[in-house]
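Readers should treat all values here as calculations from the given coordinates under stated rules, not as data from a laboratory. These numbers were taken from a predicted model, which means no experiment stands behind them. Neighbour counts are summed over all protein chains in view; Cβ atoms, including those assigned to glycine, are modelled from backbone coordinates with ideal geometry.
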């Protein structure tokens, strides 16, 4: 009712409907952690294409397994990636510098040999020729062998005065992706006209990374894996091999799986190359290897991890397209993203539709019987078939071993649960501090029920009717008076998940000739 009724007439008042739409979160944002040619260190950067990755992180590099994994991700249907570059070495000493006159020293925006091909151009054709502190600055990234300019940034009328709104340090910090100011120089001065090349450093690309760069820091330090703390959401995590000849150790997988469980994400674990090194022992090596990884991660956290075997054999663009073996995590993550977009997160990213692009063969070709030894252990196989080609042929989590009898046996069931958890977590924030009584409970049932009903209509659950497919309960039974006194509202949401048809049994019977009587 209006606050005051002072005159005879009609009063109009808008009444809240109580409808607060819950939107489903993304399901295939993939985080990659590894080594790169350039780019911010221990700072998550979101990219949505491989050209964007190449512009920020330098593109393909043979010493960077992450660069290949990201390329495979976008090649197979991925659209959204978060990149965390880690670096082993002295970041300051590995960063190229440009020393201009008047004590002004610039440095490349990130460590790496890439900064050694930068150059700075200075002139004084400014808006106020009488102001000796003003100058124009151009930063160019060169292709040294050809002398071409790859990228260029222009900053006009920058100043050497710290009190000037166009102070060079502030302008470059906010406007340049190539350089920043290391030493601002003498107050009120400007460098002389001319072109100055950058000076690089030995071993500027750093040493090969180790597990310490991935998981060695603390959560509050936000380095390596824990740099993802500043990211609101990611769904899949890929940690490609540390180097072409260095695998990720089981201890790193354990820490990564624990972090994924905390962040409601799935960890894609790569098999070790040695599993398929000898065709005669590949299956037994894979059996032992997947069990060792599961023991390291622990059964409880294994539900948030998934393993695929074997490696992919694909052309390497940096080696005249000769075939090379690559870890499957990036390509598999791309297939998951593609399946989510086409069918939904409740569809298993496996089967004839889950095909690879550009994969010539696998590091090991297995038979049905060999597949039958690995599948009951929760190891997803990558298979080649005569007509359908190279496909993902497994959809189990690492907790999907038959002996564990886990309710999170299947990957689509686990990913669907994580999707619901994150969507409801973000979509019910408005409930906090609302009056805890029946009107609130009714609103909760209405909004969550509408969200679940929409998923039911898309075919996300089992059941012929909504009653068979899901349940949303929030009333006096779930929230007692003691809960209300403690400021607690309890919401029960249940769903009947779709499970993949992993085994298809066809019974064929010969019909005897019928005798008419």
Can you tell me the length gained on complete extension of the stretch residue 355 to residue 125, counting 0.36 nm per residue apart and subtracting the Cα distance? 77.0 nm
Gain on full stretching of the segment that runs from residue 454 to residue 434 - 0.36 nm per residue minus C-alpha separation: 4.7 nm
Per the helix-only calculation at 222 nm, which mean residue ellipticity applies to the chain, given -39500 (n - 2.57) for every DSSP H run of n ≥ 4 and division by its residues, nearest 500 deg cm²/dmol? -7500 deg cm²/dmol
Write down the Å³ per residue value for the convex hull defined by the alpha carbon atoms of segment 88-235. 159
Computed E for residue 367/residue 21 - FRET, C-beta separation, R0 45 angstrom, nearest 0.05: 0.35
Using only the Cα atoms, work out Rg/Rh for segment 438-517, with Rh taken as the Kirkwood radius, to two decimals. 1.39
Where a label projected 7 Å from the Cα of residue 62 along Cα→Cβ would reach, residues of segment 28-43 with amide N under 16 Å: 37
Semi-axes of the chain's equivalent ellipsoid from the Cα gyration tensor, sqrt of 5 times each eigenvalue, largest first, rounded to whole Å? 49, 38, 20
Take residue 510 and residue 176, extend 7 Å from each Cα along the Cα→Cβ direction, and tell me the distance between the two endpoints in nm. 8.5
Calculated P(r) of segment 271-364 - Cα pairs past 24 Å, %: 33
Calculated P(r) of segment 361-517 - Cα pairs past 26 Å, %: 52
What length, rounded to one decimal in nm, is gained on full extension from residue 88 through to residue 233, with 0.36 nm per residue of separation minus their alpha-carbon distance? 49.5 nm
Label-point gap, in nm, between residue 405 and residue 496 - each point 7 angstrom along Cα→Cβ: 2.3
Please give the FRET efficiency for residue 250 paired with residue 45, using the beta carbon to beta carbon distance and R0 = 30 Å, rounded to the nearest 0.05. 0.60
Using R₀ = 41 Å, calculate the FRET efficiency as 1/(1 + (r/R₀)^6) where r is the Cβ-Cβ separation of residue 10 and residue 341; round to 0.05. 0.20
What is the Cα radius of gyration of segment 207-349 over 2.2 N^0.38 Å, N being its residue count? 1.10
When 5, 141 are arranged by how many other beta-carbons sit within 10 Å of their Cβ, fewest first, they go 5, 141
Hydrodynamic calc, segment 322-428: Kirkwood Rh from Cα pairs, then Stokes-Einstein at 37 °C with viscosity 0.692 mPa s, so D in µm² s⁻¹ is 218
For a quick check: sort 23, 30, 428, 132 by the number of other beta carbons within 10 angstrom, fewest at the front. 23, 132, 428, 30
Residue 189 label point, 7 Å along Cα→Cβ, cut-off 18 Å on backbone N: hits in segment 100-128? 100-107, 122-124
Rounded to one decimal in nm, the spacing of the 7 Å Cα→Cβ label points at residue 151 and residue 54 is 1.3
Footprinting proxy, 456, 326: sorted fewest to most Cβ within 10 Å, the residues are 456, 326
